[in-house]
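What follows is a short report on a single structure.
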Amino acid sequence: MTLLITVFAAVIATVKWYKSAPNDELHVGMLCWMYWGASIMWLVDAIFEYAELHAEYFTPAAEDMLNDTFLGLSVVALGLVIWVVHLLVKDPRGVLRTAVLREKKNA
């Protein structure tokens, strides 16, 4: 499940990045790299786990699938948090800078 969730997130982020490719001011490309990196990590994990378990790999317990789902969603959420923090630090559209200056002006 972790591999499936991160691959879906990577594909969605890549499509979003591709649509705005010439003007990527929101740095969606960074999100793509994080999700594709996580997908490759989970793919390698799946290959080694399959090598260890063979046919049992395709019949996981319900508890294992639930844990993998939570882990996959956590990875996607952490990637989004890192991306948002990156956006707030870089502030490509100057929104945060404008809001802070407006508050200083009003004070």
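The values are calculated or read from the model by the stated rules, or taken from the named source; none is laboratory data. Predicted model only: the values in this text are computed from it and were never measured. In this analysis, Cβ positions are derived from the backbone assuming ideal geometry, glycine residues included, and neighbour counts consider all displayed protein chains. To get the accessible areas, we keep the full protein, side chains included, count just its heavy atoms, and leave off ligands, DNA and RNA. Shrake-Rupley method; radii C 1.70, N 1.55, O 1.52, S 1.80 Å.
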> Restricting the search to the range 1-51, which residues are of a type in the set (D, E, K, R) and either part of a helix (DSSP H, G or I) or under 17 Å from Leu78 (Cα atoms) (or both)?
Replying inline: Lys16, Lys19, Asp45, Glu49
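For every residue, the table says whether it meets (1) in contact with a helix residue (DSSP H, G or I) (Cβ under 9 Å, 6 or more places away or on another chain); (2) closer than 22 Å to Val7 by Cα; (3) among the charged types (D, E, K, R).
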position: Ala38; (1), (2), (3): yes, yes, no
position: Val44; (1), (2), (3): no, yes, no
position: Glu49; (1), (2), (3): yes, yes, yes
position: Ala55; (1), (2), (3): no, no, no
position: Pro60; (1), (2), (3): yes, yes, no
position: Asp68; (1), (2), (3): yes, yes, yes
> Applying the selection to the range 28-40, what residues are open to solvent by less than 50 Å² (accessible area, probe 1.4 Å), within 28 Å of Ala61 (Cα to Cα) and not aromatic (Phe, Trp, Tyr)?
Replying inline: Gly37, Ala38, Ser39
> For the subset of the range 45-97 comprising residues that are among the acidic types (Asp, Glu) and more than 24 Å from the chain's Cα centre (by Cα), which member is farthest from Gly29 (Cα to Cα)?
Replying inline: Glu56
> Do you know which of the residues in the range 3-27 that are touching a residue at least 40 places away in the same chain (Cβ under 8 Å) and more than 30 Å from Phe58 (Cβ to Cβ) is farthest from the chain's Cα centre (by Cα)?
Replying inline: Glu25
> Among the residues of the range 60-81, is there at least one that is of a type in the set (Ser, Thr, Tyr) and outside any helix (DSSP H, G or I)?
Replying inline: no
>> Being aromatic (Phe, Trp, Tyr) and either more than 28 Å from Ile5 (Cα to Cα) or not in a helix (DSSP H, G or I) (or both) is the filter here; which residues of the range 82-107 pass it?
In response: none
> Restricting attention to the range 50-79, which residues are within 19 Å of Tyr35 (Cα to Cα), among the hydrophobic types (A, V, I, L, M, F, W, C) and open to solvent by 60 Å² or more (accessible area, probe 1.4 Å)?
Replying inline: Phe70, Leu71, Leu73, Leu78
